[in-house]
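Structure first, then comments.
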Number of protein chains: 2
Amino acid sequence: MRRLVPVSFDKVHIEDGFWGERLRINRENTLPIQYSRCKATGVIDAFRLEWKSGDAKTPHVYWDSDAAKWIEAASYSLATHPDARLQKKVNDLVDLIASAQQEDGYLNCYFTIVAPEKRWSNLRQEHELYCAGHLIEAAVAHYEATRSRTLLDVVCRYADYIDSVFGRRRGQQRGYPGHAEIELALVKLYRVTGRSNYLDLARYFIDERGRRPHYFDKEARQRGEAPAHNIGEVYDYYQAHLPVREQKTAEGHAVRVCYLYAGMADIAAETGDKELLAACRSVWNNIVKKRMYIHGGIGSNRFRERFTIDYDLPNEEAYAETCAAVGLVFFAHRMLQIEPDRRYSDVIERALYNGIISGASLDGKRFFYDNYLASFPGTHRFTGQRDPVRQNWFDTACCPPNFARLLASLGQYVYSQTADSVFVHLFVNGETGIWIGGRDVRLVQTTQYPWNGNVRIDVSPASPATFTVAVRIPGWCEDARVTVNGEAVATTSGLSRGYLKLRRRWKKGDRIQLRLYMPVERVESHPSVRHNCGRIALQRGPVVYCLEQKDNGKDLHDVLLPRQTKLAVQAGSASLLKGIPVIVGKAFRRSAGEWKEALYRTTRSGLRPCRIKAIPYFMWANRGEGEMLVWIREVDESVAPRRGNPRART
Amino acid sequence: MRRLVPVSFDKVHIEDGFWGERLRINRENTLPIQYSRCKATGVIDAFRLEWKSGDAKTPHVYWDSDAAKWIEAASYSLATHPDARLQKKVNDLVDLIASAQQEDGYLNCYFTIVAPEKRWSNLRQEHELYCAGHLIEAAVAHYEATRSRTLLDVVCRYADYIDSVFGRRRGQQRGYPGHAEIELALVKLYRVTGRSNYLDLARYFIDERGRRPHYFDKEARQRGEAPAHNIGEVYDYYQAHLPVREQKTAEGHAVRVCYLYAGMADIAAETGDKELLAACRSVWNNIVKKRMYIHGGIGSNRFRERFTIDYDLPNEEAYAETCAAVGLVFFAHRMLQIEPDRRYSDVIERALYNGIISGASLDGKRFFYDNYLASFPGTHRFTGQRDPVRQNWFDTACCPPNFARLLASLGQYVYSQTADSVFVHLFVNGETGIWIGGRDVRLVQTTQYPWNGNVRIDVSPASPATFTVAVRIPGWCEDARVTVNGEAVATTSGLSRGYLKLRRRWKKGDRIQLRLYMPVERVESHPSVRHNCGRIALQRGPVVYCLEQKDNGKDLHDVLLPRQTKLAVQAGSASLLKGIPVIVGKAFRRSAGEWKEALYRTTRSGLRPCRIKAIPYFMWANRGEGEMLVWIREVDESVAPRRGNPRART
């Protein structure tokens, strides 16, 4: 069912430009820091299985996944940027993990040394299969990067063992994980090994979910607990409220939703299961049409890291976990291969340039878990929200390595291909070599995207050949001009689901040029998003902007942007912003001075003109703590009644 | 230092009209219901001291205060509306409480039968002195209503015992309560008994607070606990971060702040302590100028029921506990007697008509703890906020009896007097008899306030006499016209701190008439209240209005009220609103229909005209669950740049 195949990230050389720089920082700063934090917290040494009751650094049920995600990220990095020291670190860790595998194939630090009696006793809560899934993903990445089978063999044995424990055969447990992850991992393992029992096991986990009587109740009773004692006393948190084929909306924990549906899309792709695909589409639509922040973040609820109800997208109270936006990219990417349509690639781009890269500081050393869309200093102490300052690490450290593995494998999101076509999803400076139409074709992108909309794509087949280059015209772009070798191509008539299909006989030296007109856009949100009524967000190209106190003073909520005000783009001048396009314009705000000591009054405030400067959202909180705001008040005088305005008389 | 003395509530007959009806419901519904809930939960029978470990209905540290507040409320009711059945219930409970007093004078169910070994071991957290304070207030009320000394004698013995335990003398504990209350209660006890040791003890508690080393640390160490384990690990929660004389802002738990500062104002009034008064003024100003909701609610933070930082007043996440607004009235009322100034009486009126009476349903049977200023159905499950539906009762049941005792003693807020003047603070239909200038003076107020601004005050001295009637001209009123016997009185020149002082030789049949012009006002809040930027609240007279979904459909946040739209007042027609003035007008909103399935877009939405109907805020949530909104979006075209507008060119 999969119509496209992604071009593997190791074939996509990302150089310089926006992503080249971010990937360099990921390699040079983020990966080493994450290893040292895993080392310092005990995550790595836990695999020595030397911990004893009473020792410090007690392994946690999540820990194996942190190490696994780091191996995965580091392996991706090794595949594109060989590095002997890093390779040794990775291999040593792989050997250590291999040494922790039990006789029967089982492999989990916590349940081996801390609570061996609890193995497989709490699938709902304890992340056992989740950790297994991450180990599998790490093993596949490590194998593909190094061709070493060490970890791959380990996880095959582990997966075989899991396959023996869970299923519908006599004597097996009819369980499934409370946190999806192993499903998509098993599909990867199937793809790399060709062994269909892994695909079958993934299908089993998917299809068992949400059946009644609930397995989570059964295992709770076996532990001697009341089934109702699960988080929030609800099944939807775990996407277990209904069999997955009957689910229509995105419910519960946002990361779980994305990992589950990514796995479902994988299985649909492999098996042609239309019912699964329909469920994926339905949940996808619910997310992107009703439950996604403008920065691509999802899971608005900070108390349960979860989806709530349609259009419930608070800004200052946002959660929008970095992992959830990463998960949304995983889900989108899989759907995109099944249904080449920019509604998926647009969301990938939205999340990448905004709610995902906001998850790390510009130096790649500190991390956000929550990606707020508004922030007010001094209030977090009282709300219990995490400080609006990126942190070194977290007790639950899922986000930083998720960020790192996404960036290290970013290349895979740029292109997909069929036998005789290549799809250009993202505009990323660099080059790739693809086998199309029986020839090696070299594609070179030259661009300063997202800072401007000019993209040059040089298409160089080894010898002339006919094939299609399908270029995404981004959904945000209302005026795209495309030329091939200088000749204009119609961009509206030729558009198929947002991709401009350029089919011709390509020869060396052919050049596609895109001019994506990139004005400052004012984005409005649906009238039911109560938090944003009367407000707009500034967006330029795929990049969402925000106001920071540093540039605009306090009381950002009071800034009022008339709709007719012209907004200009300037190159930033101060250090971090140097050369970055910032948006400037004239606005108004009330004078607090006029208010003296009143809190409420009926006399109207005068407005004073002010200038605003908006910076790319993902760059916020890199210059100290202060107010931040994405959704800015806007006034449109044309709607208000006045003399001579017919609306005034309605 | 107290310049005025309140006219006791039992001399103020409140009949018919707005408050007559609310007080009738308080007597007929609220008081009986609260007794039965105290009975059902075990609060009353706890005083039998028959509870044993393993029994159900374990007494809680708060429980004594629930019973005490009910006695206090019921006693006030008996004083104005004798009722033999109620009197018997009260007296029986008083006898029961008396029987629970220990040999040494101690009286507390929890620490007598549940945890006797913990007596006085955790003043910070365990509400022991707080409960004592409420028993004292109950005893004073019961004594004044019935002249029975039973409970008064009990609490005098208890207070004497407390006086022996706490203080600076050798062998005494240098403690003070984590939750103020006993301070103001001891002043009441001093006033009714004339025994100055009670006043001294109150002063001791006030002045000991916040000294270093912290008593709360000391007692924590004595319990074998780390001092840091207090709530939020901060002293400001308990107003113990500084000695009270050094406190300038309202910090910590809002009810605690109000009870403490009410007690401080009492002591300042009795002793002339200017430093205490200065602290009271400073904290008062901080509250009303920077930390109070428009409905008079305070303590915006729902996680700790506390004040946060200046201008931090979220609406949907508001706490604004009913008890805190009640406490603010206590504080204001005491300040008003020291400094007759409408800045105090205006706040009393604001809280009474809005954030306090919203605390009960119109039938007086169900209660709000949180008084939200915006509500959106379906989200509370995810935020952990209390449902936006009034409840029968609460585990911590402080609010309902606080509400009941305030209403039952409402009369005391209407008038104050000196030897030759009477102050009219509130406009309440009814009459009172006061001894002024050596004569009995009868004052009769006839009014439909707050539904209109006409107030007739008939002043009838037993024989002609010269004295002052000082009538409050409310701060909300910009056009007040006053006549005496039909002759106009200058209302601006004669105004002293918001009171119009009518000094003359009064004779029987004299009549003051007020016409308080009461248009619909649009109230703006300070530019730093980020939650309300671009929004206004509708207020008419002292009554704040709100939109409910029932009248206005969904998506209330999208309603846009042009500044120039005329708003009209109509008599409500449907059952609950029958005869109540509602505010109607034309507004605009976006058409969700236009949006189809988009969540974000740059194309601008058309607006469609709509009609709005606003109802008094305190009446919300009496007609089923739905959206509610106080702060409504407003647009003022005059500020937006347009052709010919010079602002456009700045």
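The values are calculated or read from the model by the stated rules, or taken from the named source; none is laboratory data. Keep in mind it's a predicted model, so treat the numbers as computed, not measured. Backbone-built Cβ (ideal geometry, glycine too); neighbour counts: all protein chains shown. Ligands, DNA and RNA are excluded from the accessible area calculation, which covers all protein heavy atoms including side chains. Shrake-Rupley method; radii C 1.70, N 1.55, O 1.52, S 1.80 Å.
Below is a table of values for the structure above.
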read-out: Out of B:Leu407, B:Leu336, sole residue that is assigned to a helix (DSSP H, G or I) and over 23 Å from B:Cys131 (Cβ atoms); value: B:Leu336
read-out: Region A:597-628, residues that are farther than 26 Å from B:Lys290 by Cβ, in a strand (DSSP E or B) and in contact with a Ser or Thr (Cβ under 7 Å, 6 or more places away or on another chain); value: A:Pro609
read-out: Enumeration of residues in region A:4-41 that are hydroxyl-bearing (Ser, Thr, Tyr) and under 17 Å from A:Gly430 (Cα atoms); value: A:Ser8
read-out: Residue within region B:330-342 that is open to solvent by less than 30 Å² (accessible area, probe 1.4 Å), in contact with a Gly (Cβ under 8 Å, 6 or more places away or on another chain) and more than 13 Å from chain A (Cβ to nearest Cβ) present; value: yes
read-out: Residue within region A:266-282 that is open to solvent by 10 Å² or more (accessible area, probe 1.4 Å) and within 29 Å of A:Glu317 (Cα to Cα) present; value: yes
read-out: Which listed residue, of B:Leu567, B:Leu577, B:Leu556, is closer than 21 Å to B:Trp19 by Cα and buried (at least 18 other Cβ atoms within 10 Å of the Cβ); value: B:Leu577
read-out: Test: residue in region A:294-314 that is under 27 Å from A:Gln125 (Cα atoms), of a type outside the set (Asp, Glu) and away from every other protein chain (no Cβ under 13 Å); value: no
read-out: Only one of A:Asp370, A:Asp440 that is out of contact with any helix residue (DSSP H, G or I) (no Cβ under 7 Å at 6 or more places or on another chain), modelled with pLDDT of 95 or more and assigned to a strand (DSSP E or B); value: A:Asp440
read-out: Hits in region B:480-503 - residues which are under 27 Å from the mean Cα position of the chain (by Cα) and either in a loop (DSSP other than H, G, I, E, B) or farther than 19 Å from B:Arg342 by Cβ (or both); value: B:Arg497, B:Gly498
read-out: Unique match (being open to solvent by less than 30 Å² (accessible area, probe 1.4 Å), touching a strand residue (DSSP E or B) at 6+ places or on another chain (Cβ under 6 Å), more than 20 Å from B:Glu270 (Cβ to Cβ) and touching a residue at least 40 places away in the same chain (Cβ under 8 Å)) among B:Tyr237, B:Tyr158, B:Tyr215; value: B:Tyr237
read-out: Candidate set: region A:504-533, residues that are under 32 Å from the mean Cα position of the chain (by Cα) and more than 30 Å from A:Arg563 (Cα to Cα); chosen: the one farthest from the other protein chains (Cβ to nearest Cβ); value: A:Arg511
read-out: Hits in region A:381-405 - residues which are over 21 Å from A:Leu328 (Cβ atoms) and open to solvent by 10 Å² or more (accessible area, probe 1.4 Å); value: A:Arg381, A:Phe382, A:Thr383, A:Gly384, A:Gln385, A:Asp387, A:Val389, A:Gln391, A:Asn392, A:Trp393, A:Asp395
read-out: Residue selected from region B:589-633 under the condition more than 18 Å from A:His526 (Cα to Cα) and open to solvent by 30 Å² or more (accessible area, probe 1.4 Å), by the criterion nearest to the other protein chains (Cβ to nearest Cβ); value: B:Arg611
read-out: Which listed residue, of A:Val520, A:Val544, A:Val582, A:Val529, is of a type outside the set (D, E, K, R), open to solvent by less than 60 Å² (accessible area, probe 1.4 Å) and without any contact (Cβ under 8 Å) to a residue 40 or more places away in the chain; value: A:Val582
read-out: Filtered residues of region A:373-386 (kept if of a type in the set (Val, Ile, Thr) and in a loop (DSSP other than H, G, I, E, B)); value: A:Thr379
read-out: Filter result for B:Val584 (more than 28 Å from the chain's Cα centre (by Cα), at the interface with another protein chain (Cβ under 10 Å from one of its Cβ atoms) and closer than 20 Å to B:Arg623 by Cβ); value: no
read-out: Only listed residue being surrounded by fewer than 21 Cβ atoms within 10 Å (Cβ to Cβ) and more than 12 Å from chain A (Cβ to nearest Cβ), chosen from B:Ser361, B:Ser345; value: B:Ser361
read-out: Region B:61-88, residues that are buried (at least 19 other Cβ atoms within 10 Å of the Cβ) and out of contact with any His (no Cβ under 9 Å at 6 or more places or on another chain); value: B:Trp63, B:Trp70, B:Ala73, B:Tyr76, B:Ser77, B:Ala79
read-out: Some residue of region A:304-322 being part of a helix (DSSP H, G or I), open to solvent by 10 Å² or more (accessible area, probe 1.4 Å), outside the structural domain of A:Phe427 (by TED's automatic domain parsing) and of a type in the set (A, V, I, L, M, F, W, C); value: no
read-out: Residue match in region B:366-374 (condition: open to solvent by less than 40 Å² (accessible area, probe 1.4 Å), more than 14 Å from chain A (Cβ to nearest Cβ) and among the acidic types (Asp, Glu)); value: yes
read-out: Hey, B:Ser460 open to solvent by less than 60 Å² (accessible area, probe 1.4 Å), of a type in the set (Ser, Thr, Tyr) and either at positive phi or out of contact with any His (no Cβ under 8 Å at 6 or more places or on another chain) (or both) or not; value: yes
read-out: Cβ-Cβ under 7 Å pairs, at least 6 apart or on other chains, region B:177-188 side open to solvent by 10 Å² or more (accessible area, probe 1.4 Å), far side at pLDDT 95 or above and not in a helix (DSSP H, G or I); value: B:His179/B:His127
read-out: Subset tally (residues that are part of a loop (DSSP other than H, G, I, E, B) and surrounded by fewer than 23 Cβ atoms within 10 Å (Cβ to Cβ)) for region A:108-123; value: 6
read-out: Scope region A:508-518; condition closer than 23 Å to A:Val630 by Cβ and in contact with a Lys or Arg (Cβ under 7 Å, 6 or more places away or on another chain); matching residues; value: A:Met518
read-out: Tally of residues being within 9 Å of chain B (Cβ to nearest Cβ) and either touching a strand residue (DSSP E or B) at 6+ places or on another chain (Cβ under 8 Å) or over 30 Å from B:Thr379 (Cβ atoms) (or both) across region A:537-577; value: 12
read-out: Residue within region B:582-591 that is part of a loop (DSSP other than H, G, I, E, B), modelled with pLDDT under 95 and small (Gly, Ala, Ser) present; value: yes
read-out: Test for A:Pro474: is it buried (at least 19 other Cβ atoms within 10 Å of the Cβ), more than 27 Å from the chain's Cα centre (by Cα), at pLDDT 95 or above and not assigned by TED's automatic domain parsing to the domain that holds A:Pro616; value: no
